[in-house]
Structure formats: structure tokens, C-alpha cells
Amino acid sequence: MASITASYPWTTAPLIAGAPMRLISGPSMVHAISSAGGIGFLAAGTDVSTLPENLSTFQSLLSASPIPGAPSDVLPIGVGFIVWGADLTLATKALSELPLPPAAVWLFAPSSSSELNSWASGIRSATKNKSKIWVQVSCIADAIDALKVAQPDVFIIQGADAGGHGRYASAGLISLIPELVDAVRLYCVTNGVGVPGFIAAGGIADERGVNAVLALGADGAALGTRFLAAEEAVIRKGYQDAVLRAVDGGNSTVRTDVYDKLRGTVGWPEGYGGRGVVNLSYADALQGISFEENEKLYKLAEGAGDKGWEEGNARMTTYAGTAVGLVKTVAKAGDIVKELRGEIVVKRI
Ligand SMILES: Cc1cc2nc3c(=O)[nH]c(=O)nc-3n(C[C@H](O)[C@H](O)[C@H](O)COP(=O)(O)O)c2cc1C
């Protein structure tokens, strides 16, 4: 198979993707990531209503600061949808009305195989097959199912360490990547279909992580948590500071539904939870405080602005992965991409 970067000609190997993070991955960040030779994903998430405005802001940024190597028939970015909660009709309308569709569309967390099938075919037809379909999966069964119903161009292999939502039942990348790559290759050879690309996600925060996933069989890496500390991220200072402060992510983060319930972001398919930094909201839930009391305290924290993330008193949701301990500085998103490719050397002790 041709190198994955050949399909996204403005990119440089190894391919670095900025994961779509709902509300956080906005036009400036995706422009910066793609300008540095990666691929930034705008996050539509479950709410497609903000997508047209975000795409139009991106197009203005692109006109003011073109990205060398960008093809003439697609935008040099992707768009991510959380399939179970997003409106396919609105999504296809927004994409078909664009002068240029995004180079890639990232689909995550369908509530059924038939829903994934409708999204993949709906997007392909709305974009006249110009947008490549990326599907994020965290187990072999979901990957084989996706091959049957959506024929993804790229799999994002999401490991257990990933920040934000993912399956509770998932493995670390060190075993997940090689097993998933082998299983997908076998399916493709047996069924005479092309082998998709593979991008790893979950716990990668520096060049060492990127090199590790390449060694395991991935073609590139997608990151969320590291980009929470990008200058261009749309994020409260309190949230960003909490990410910078957190260390020892296996201890300091947890995958749970406590934060979803408190924020009212419910409706995820069975088996999904959100990994975030452990704080008083989670600790109180664990201690058996009533939901009503916990929610009352959460609303008070929400009203307190950045203080809701204050050290020792934090209650606000801080979705982030186990790599939080490797995120120590705020940097420009483009420099993060270059660091990940080893072009900017970071001094370590
Ligand atoms: C704050 C945050 C928000 C996220 N939002 C989304 C989202 O809207 N859609 C999606 O497909 N994945 C989302 N994810 C998960 C990412 O796609 C990806 O799997 C994850 O960030 C990779 O792990 P890492 O955080 O260790 O880099 C989010 C992750 C984080 C940290």
C-alpha cells in the first residue's frame, strides 16, 4: 500500500492527527496542525449545528494563510462526528453545501452497525467520495464489523489509555495495534478488498510514543490530550492548568460515566465511558454521596469559572488520558506536531 501521507499530500510522515475534541478542536487549532504537516480534525461531536460556522472560519484562515501542498479538491483537514448523537441529515447537508469537502471524516461510537453503514455511505455520497472515511475503534470485533458495513479508508485504533470517551473493554495499544492490524489484513486478503490505513490513539504524547506505535504497525498517531495544552485549543484556563498539573495518569485519571451524568451528556451506547482526571465529583460519587447532592455541588463549581478546577477543590469535568503526566507545557499546536515527528528536540532529564 502507498504511504498514508500520499493520500493527504500536504502532510509529512509520520502522519500526526489532531483528534476531534468536542468544543475544543476549533478552526485555529486544526489550521495550525494541518499547516505543520499534520491533519487537524474539527469536532462536530454530537452537535452538528456549529459545523457550518467552524468550517467557514477555517476557510477564512486558509485563504489568509494557505497550506502548501493542499489539494485543490478537498480541504486539508478532517471533521469528526460522534455518530450515535449527531444528526446525519444535518451533517450531510453541511458537507454537501461546502465548496470543498474535508479530506477526511472521522466517525466514532455508532449505536449500531446499520447506523455506521448509513453514516459512511451518507458521507461518501454527500462528498462525492472525496472525503476519506476514518473510523475509530477500540476492539477487534468493532473493526471487523466496521469493515463489513463501512469499508473504512483508515482505522483509528483507540487504546485504553485514551482521554475522553472510549470503550471500557479495550486494551492498551501495545497489544491492540498488532492484533487489530493482523485481523484487518487477514479479513482484507481473504475478501479481496484493500487494506485501510492505521492510526493509533491513546496515551501518545511525545515522539517516543509515536515511534512506539509505528513499530507496532501503525502508520501514524492521533492525539487528543497533548493538544489540550495547545495555545490554539478552545479550553478554559482552569481545565488546561488541571491537565498540566496532573501526573501519573494511571492513578490520576479514570474512565467512568460519573462526569457524563453530572454534565447531562448522556445517551452513549452501552460500554462507553469518558476518561478524565479524578476530582471531587468522582471521589464523592465513589463515597456514595447522592446524585442530587453531587449535581448541586457540580453546578456550583460550574458557576465558579476557573475555580471549578482549583487544585484540591476541583469538581469540573477534565477529560484527559493517561498521558497527562507527559503534558507539562503549553505550546503552539504546530510546534507540538513537529515535536511529535522529532523535528523539534525536547530536552529531557
Ligand atoms: C477532551 C477530549 C475530547 C474528546 N472528544 C472527542 C470527540 O468529540 N470525538 C471523538 O471521536 N473522540 C473524542 N475524544 C477521543 C479522541 O478521539 C482520542 O481517542 C483520544 O484523545 C486519544 O487519546 P489521548 O487523549 O491519550 O491522545 C476526545 C478526547 C479528549 C481528551
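The values are calculated or read from the model by the stated rules, or taken from the named source; none is laboratory data. All values reported here derive from a predicted model rather than from experimental measurement. Note that we place each Cβ from the backbone using ideal geometry, even for glycine, and neighbour counts take in every protein chain shown.
Could you pull out the residue among ALA32, ALA120 that is in contact with a strand residue (DSSP E or B) (Cβ under 6 Å, 6 or more places away or on another chain), part of a helix (DSSP H, G or I) and assigned by TED's automatic domain parsing to the domain that holds ALA13?
Result of the check over ALA32, ALA120: ALA120.
When only residues in the range 266-275 that are in contact (Cβ under 8 Å) with a residue 40 or more places away in the chain and not hydrophobic (A, V, I, L, M, F, W, C) count, which is surrounded by the fewest Cβ atoms within 10 Å (Cβ to Cβ)? Talk me through it step by step, then tell me what you get.
So the first thing to find is which residues in the range 266-275 are in contact (Cβ under 8 Å) with a residue 40 or more places away in the chain, and the list is 267-269, 271-275.
After this cut, where a residue has to be not hydrophobic (A, V, I, L, M, F, W, C) as well, the list is 267, 269, 271-275.
Details: GLY267: 11, PRO269: 15, GLY271: 14, TYR272: 20, GLY273: 18, GLY274: 22, ARG275: 26.
Out of the qualifying residues, it is GLY267.
Please enumerate the residues belonging to the range 29-69 that are surrounded by fewer than 19 Cβ atoms within 10 Å (Cβ to Cβ), among the hydroxyl-bearing types (Ser, Thr, Tyr) and away from the ligand (no atom under 16 Å from the Cβ).
Listed by number, the residues that qualify are SER56, THR57, SER60, SER63, SER65.
From the list ILE157, ILE133, ILE140, which residue is within 16 Å of the ligand (Cβ to nearest atom), touching an Asp or Glu at 6+ places or on another chain (Cβ under 7 Å) and assigned by TED's automatic domain parsing to the domain that holds GLY18?
The conditions single out ILE133.
What residue, of LYS261, LYS237, is surrounded by fewer than 15 Cβ atoms within 10 Å (Cβ to Cβ) and within 30 Å of LEU297 (Cα to Cα)?
After applying the criteria, what remains is LYS237.
Note down all Cβ pairs under 7 Å where the first residue falls in the range 191-213 and is assigned by TED's automatic domain parsing to the domain that holds PRO14, the second is within 11 Å of the ligand (Cβ to nearest atom) and of a type in the set (Ser, Thr, Tyr), and they're at least six residues apart or on different chains.
GLY203/THR322; ALA205/THR225
Scan the range 48-86 residue by residue and report those that are under 16 Å from HIS31 (Cβ atoms), out of contact with any helix residue (DSSP H, G or I) (no Cβ under 9 Å at 6 or more places or on another chain) and among the hydroxyl-bearing types (Ser, Thr, Tyr).
Answer for the range 48-86, where residues must be under 16 Å from HIS31 (Cβ atoms), out of contact with any helix residue (DSSP H, G or I) (no Cβ under 9 Å at 6 or more places or on another chain) and among the hydroxyl-bearing types (Ser, Thr, Tyr): just SER63.
Tell me the helices (runs of 4 or more DSSP H) entirely within the range 228-280 that contain at least 2 residues that are under 17 Å from ASP161 (Cβ atoms) and of a type outside the set (A, V, I, L, M, F, W, C). Step through it out loud before you land on a result.
Working: elements: 237-245, 249-252, 258-263.
It comes to 249-252.
Go through GLY238, GLY250, GLY194 for me and flag whichever is more than 16 Å from the chain's Cα centre (by Cα) and closer than 20 Å to TYR272 by Cα.
On the way: GLY238 fails: closer than 20 Å to TYR272 by Cα; GLY194 fails: closer than 20 Å to TYR272 by Cα.
Testing whether each residue is more than 16 Å from the chain's Cα centre (by Cα) and closer than 20 Å to TYR272 by Cα leaves just GLY250.
Determine if the range 198-207 includes at least one residue that is farther than 21 Å from ASP335 by Cβ, more than 10 Å from the ligand (Cβ to nearest atom) and either modelled with pLDDT under 95 or in a helix (DSSP H, G or I) (or both).
no
Would you be able to say whether some residue in the range 155-173 is assigned to a helix (DSSP H, G or I) and either among the small types (Gly, Ala, Ser) or surrounded by fewer than 24 Cβ atoms within 10 Å (Cβ to Cβ) (or both)?
The answer is no; no qualifying residue exists.
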